[in-house]
């Protein structure tokens with residue numbers, strides 16, 4: 001809103017903002033320039049009294065600032081703030097004015113500047129006030145002294161609001177700890193000091209394991225209480241000078257000074273992990289919390305806080321797999337870039353149907369015939385050559401590409417089985433095994449995917465077997481149970497892969513519709529030399545027989561192993577002793593030849 005003054009014969013262009021904002025101080029001096037140069041003092045005194053901004057006319061008399069005139073807003077400000085000038089007109093300002101303002105006035109009046117703007121704080125702490133100060137020089141027109149218009153705009157509310165807003169922006173509302181923005185600012189300060197001081201520092205990133213499961217199991221309110229408890233325990237591990245922040249969710253970070261080697265950082269990491277040795281009590285529950293900790297030391301080439309935080313997160317991801325604190329290595333970022341590159345190329349390969357399947361024979365040990373095949377994804381990159389599933393499957397799971405990849409593998413495997421039936425002229429007495437990732441079970445509608453693939457290929461459900469790992473079951477027992485029962489209703493068989501390497505809960509075997517157990521190669525391969533491995537395999541085979549399940553042994557690479565498994569009563573075997581994974585046509589030829597030999 002703009003106010004225009006009443007027309008005056010000596011002044012025609014007075015404009016002022018009536019909101020007493022900081023912009024007003026820029027309009028007022030220019031508007032009053034001609035007015036205050038005029039001899040009719042009563043007229044312009046009346047006009048400046050009507051203005052809401054504190055204004056005073058100041059003159060330099062013998063090097064001492066003096067008030068020649070001031071409006072009612074200026075007088076009101078002086079009455080409220082004891083440090084501002086309280087003298088009557090013409091009295092010396094130096095006895096009552098705040099020292100920063102007095103010095104600024106003297107300097108300005110003694111200079112040749114036309115105007116000057118500055119910010120000033122009067123008083124410290126909560127009761128302090130903040131002002132925007134604007135000084136504009138007036139024409140002398142023969143006057144024996146220099147003059148200026150001084151305007152003051154109280155910005156205290158604005159400054160306090162900004163300060164309060166910044167405090168909210170820099171702190172986590174749940175724990176009260178500094179947040180990621182505040183942590184990054186603190187790290188940047190350390191980086192700025194690193195070149196001039198010998199002090200070194202490190203960033204530790206701690207991520208809670210199992211937090212999402214706890215949150216789902218006990219509810220978000222209890223999850224918040226858990227985060228608060230974790231924050232308190234982390235605070236108890238800090239040394240003087242350490243800086244703790246909550247980056248996001250269940251991820252915390254610590255900035256600390258360290259020595260010339262990794263030992264200080266690793267010691268701090270172990271101290272953090274040790275604070276969770278005691279379970280956390282939530283109501284009637286006691287919850288054991290673990291955390292993975294990654295450390296990154298300040299090193300040449302680290303130019304920003306985000307760089308070193310990201311490095312610590314790289315190390316933290318390795319710590320999740322290793323089970324102990326990890327230090328960032330330069331190879332981590334290279335590996336991360338390679339994973340992103342691989343993700344992009346894998347997405348294109350899936351879209352362009354550039355992946356293939358290899359088929360490893362499953363041999364019935366009692367007859368020697370091919371009972372089926374396990375379909376395995378293969379990727380022949382046009383430039384990189386063969387890319388191992390060990391490399392691209394984890395990338396697919398992390399990026400979510402495992403869903404389209406899993407659906408493609410399921411359809412392609414059943415199409416291959418249908419193609420072999422067509423070549424044979426009748427339905428072959430074999431089945432196809434397809435692996436399903438735990439990530440796909442969690443994120444995809446596996447039942448509809450299986451149903452669609454069966455309908456598309458015309459293959460009966462009894463000729464398909466899905467393999468899943470124990471970790472897939474443990475991640476969501478109730479949900480997985482419902483899905484497996486729906487899959488079982490399609491006559492599809494279900495096998496538990498890598499049995500014995502995970503949780504191996506007998507309750508799952510009893511409750512879930514599992515048809516087969518697949519014994520991991522880590523137990524099969526050392527059987528001939530390790531009695532314990534033989535005892536484990538014998539126990540698994542006995543358990544499967546008691547539960548009415550079939551068994552498959554993987555990693556069979558010698559005739560002696562095959563004979564031992566036959567003696568122990570294993571049903572199916574696969575491994576290099578029989579055949580490596582084969583392309584589509586070679587797999588069909590191998591099956592035809594072996595089954596013909598077994599029949600003769």
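Each reported figure results from applying straightforward, stated rules to the coordinates on display, with no laboratory input. Here the structure is a predicted model, which is why all the values come from computation and not from measurement. Cβ coordinates were reconstructed from backbone atoms using ideal geometry, including for glycine residues, and neighbour counts include every protein chain displayed.
For the pair residue 106 and residue 381 in one chain, pulling the backbone fully straight at 0.36 nm per residue adds 91.3 nm over the alpha carbon distance. Placing a pseudo-label 7 Å from each Cα along the Cα-to-Cβ vector at residue 212 and residue 263 gives an inter-label distance of 3.9 nm. For the pair residue 390/residue 560, report the inter-label distance in nm, with labels modelled 7 Å from Cα in the Cβ direction. With each label point 7 Å from Cα toward Cβ, the separation is 2.5 nm.
A crude spin-label estimate for the pair residue 485 and residue 221, with each label 7 Å from Cα along the Cβ direction, gives 3.1 nm.
The length gained on full extension between residue 351 and residue 166, counted as 0.36 nm times the residue separation minus their Cα-Cα distance, comes to 62.0 nm.
Annotation: the residues 532, 115, 520, sorted from fewest to most other C-beta atoms within 10 Å of their own C-beta, follow the order 532, 115, 520. Sorted fewest first by neighbouring Cβ atoms within 10 angstrom, 295, 275 come out as 275, 295.
So, R0 is 51 Å and r is the distance between the beta-carbons of residue 239 and residue 543; what FRET efficiency does that work out to, to 0.05? Once rounded, the FRET efficiency stands at 0.45.
Arranged from fewest to most other beta-carbon atoms within 10 Å of their beta carbon, 457, 399 become 399, 457. Reported value for region 151-302: 150 Å³ per residue, from the convex hull of its C-alpha atoms. Building the convex hull from the alpha-carbon atoms of region 282-439 and averaging its projection over directions returns 16.2 nm².
For region 254-286, the residues whose amide N sits under 17 Å from a probe point set 7 Å from the Cα of residue 174 along the beta carbon direction are 254, 280-283.
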